[in-house]
Amino acid sequence: MKQEPAIGSRAVSKQGAVTELISAQEFAYNQIRQLLIRGELRAGQSLRQEDLARTVGVSRLPIREALNRLTAEGLVTLRPRRGYIVTSLNRDEIREIFELRMNVEEYAARLATQSRTPADIEAVERHLVEMEGIELVDQEQLTRWSECNRLFHARLFDSSGRTHVCGVVSKLRDAVAPYIRMLITSPEQVEEARKQHRDIFGAFHDGDIERAGAVSRLHCEYTANFLVDYLDSRNSAED
């Protein structure tokens, strides 16, 4: 006669399955999110759950949950009866996001500079030095530079101690990250970005609150103008 497992063991088994599913969902979310931010999934591209499941190495259920989460964040768009696509932004939407970034990042930089500690300064400088040492000679180095750039800004803003402010900054930066990657191959833009990063860090290091806010705002404005001009010229060439 087959013996039923104890109720307690069934509860543990069920709990383990739920934990495994949640872990798979988080893994799928992080993997797809990175593909989006790195631009490996292009704006307007259809996202087939079967293909993503094979790429990520999980079943379709965690993929679907990850896509729903990314839809809520604005990185993915769900079209009724047609499935998911990578969110595509037009030039006006890109400009709007950067206008928001100018204001939020100016505010965040001011707060960060006011609240920074010696440990914050040291950590931000480490990311800056690493970023400056990268030679953009191949795709691997481009990816590394993008990650260092993200960490530099994120660590600086984290010095503010304002969780919600940093969350808003992160969401806005992620929304345009795939488009920013288009500019990394431009020597002019990269060199100017390096100068601006130095200016931001200099103000942060010196505790110059007004200047830190101002140069952070200018950094966003410069990137927005350069990106919109780049997209306009590329669209004209395609026409």
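The values are calculated or read from the model by the stated rules, or taken from the named source; none is laboratory data. Predicted model, so just to flag it, every value in this text is computed and none were measured. Here the Cβ positions follow ideal geometry from the backbone for every residue, glycine too, while neighbour counts run over all protein chains shown. The area values use the complete protein model at the heavy-atom level, side chains included, leaving out ligands, DNA and RNA. Shrake-Rupley method; radii C 1.70, N 1.55, O 1.52, S 1.80 Å.
In degrees between 0 and 90, to the nearest 10, how far off the longest principal axis of the chain does helix 7-37 point, with axes built from Cα atoms?
The two axes meet at around 30 degrees.
Counting only protein heavy atoms, what percent of the accessible surface of the chain is carbon or sulfur at a 1.4 Å probe? Walk me through the numbers on the way to the answer.
Values: 6860 of 13590 Å².
Of the solvent-accessible surface of the chain, carbon and sulfur hold 50 percent.
For helix 91-115, report the angle its Cα long axis makes with the longest principal axis of the Cα atoms of the chain; keep it between 0 and 90° and round to the nearest 10°.
Approximately 80 degrees, to the nearest 10.
Quick one: Cα centre-to-centre distance for the stretch 164-201 and the stretch 134-162, in angstrom?
Taking the Cα centre of the stretch 134-162 as reference, the centre of the stretch 164-201 is 8 Å away.
Could you tell me which trypsin sites (Lys or Arg not before Pro) in the stretch 74-124 are loop residues by DSSP with no more than 16 other beta carbons within 10 angstrom of their beta carbon? List each step's numbers first, then the result.
Values: sites: Arg81, Arg82, Arg91, Arg95, Arg101, Arg110, Arg116; in loops: Arg81, Arg82, Arg116.
The qualifying sites are Arg81, Arg82.
With n ≥ 4 as the cut-off for DSSP H runs, can you work out [θ] at 222 nm for the chain, using -39500 (n - 2.57) per run divided by the number of residues, rounded to the nearest 500?
On the way: 9 runs with 181 residues, N = 239.
Value at 222 nm, helices only: -26000 deg cm²/dmol.
Just the accessible area per residue of the chain, please: how many Å² with a 1.4 Å probe? Walk me through the intermediate numbers first.
Values: 13590 Å² over 239 residues.
Counting only protein heavy atoms, the per-residue value for the chain is 57 Å².
How would you order 45-57, 152-164 from highest to lowest mean count of nearby Cβ atoms within 10 Å?
Details: 45-57: 14.5, 152-164: 18.8.
Per-residue mean Cβ counts within 10 Å order the peptides as 152-164, 45-57.
Arranged from highest to lowest average of other beta-carbon atoms within 10 Å per residue, in what order do the peptides 170-179, 135-144 appear? Mind showing how you got there, number by number?
Numbers: 170-179: 18.3, 135-144: 11.9.
Output ranking for 170-179, 135-144: 170-179, 135-144.
If I take every Cα pair under 8 Å that is 6 or more residues apart in the chain, average their sequence separation and divide by the length, what percent do I get for the relative contact order?
Working: 245 pairs, mean separation 55.8, N = 239.
Once divided by the residue count of the chain, the mean separation gives 23 percent.
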